[in-house]
1. Hey, can you tell me all the residues within the range 44-102 that are surrounded by 14 or more Cβ atoms within 10 Å (Cβ to Cβ), under 24 Å from residue 29 (Cβ atoms) and small (Gly, Ala, Ser)?
2. Looking at this structure, is residue 83 within 16 Å of the chain's Cα centre (by Cα) and within 16 Å of ligand 2 (Cβ to nearest atom)?
3. Mind checking which residues of the range 29-77 are among the aromatic types (Phe, Trp, Tyr) and within 15 Å of the chain's Cα centre (by Cα)?
4. What pairs can you find where one residue is in the range 63-82 and touching a residue at least 24 places away in the same chain (Cβ under 8 Å), the other is part of a loop (DSSP other than H, G, I, E, B), and their Cβ atoms are less than 6 Å apart, with a gap of 6+ or different chains?
Amino acid sequence: MIYSIECPYCGEQVDLDGLWQDEEPNQDFEVECEHCNKIIMVEFEFPHFTAKKADCKNGGEHNWTEVSSSYFGKYQECFCGATKDKISKEEANKRFNDWVIQRDKEIK
Ligand SMILES: [Zn+2]
Ligand SMILES: [Zn+2]
């Protein structure tokens, strides 16, 4: 079975064969269009592929949305996987440990 998607930039078919097999199921991945050399984000929900424009991968701005996580707090995330204002895992752990110490103090 040959998988291909239509490039959202130039409309040509982009062959995905051999590209997605290494990817984890249901993970987005990026592909360079061989016709216009633009980067396309491919949404992969087996067995469907959806091509999305990835302007931020082609010299444009990231498209930030706010994400709120109990572990990392609030930060900005782009659909391409880039993040902004996201604290590191170490920092998140440290904040959690500080919180536990503080809580134990209050209990005593
Ligand atoms: Zn193209
Ligand atoms: Zn982006």
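Every number in this text was worked out from the coordinates using simple rules, so none of it is lab data. Worth saying up front: this structure is predicted, and the values here are computed from it rather than measured. Cβ: placed from backbone, ideal geometry, glycine included. Neighbour counts: every protein chain shown.
1. 51, 54, 82
2. In short, yes.
3. 29, 44, 64, 75
4. Listed pairs, sorted by first residue: 80/54; 82/62.
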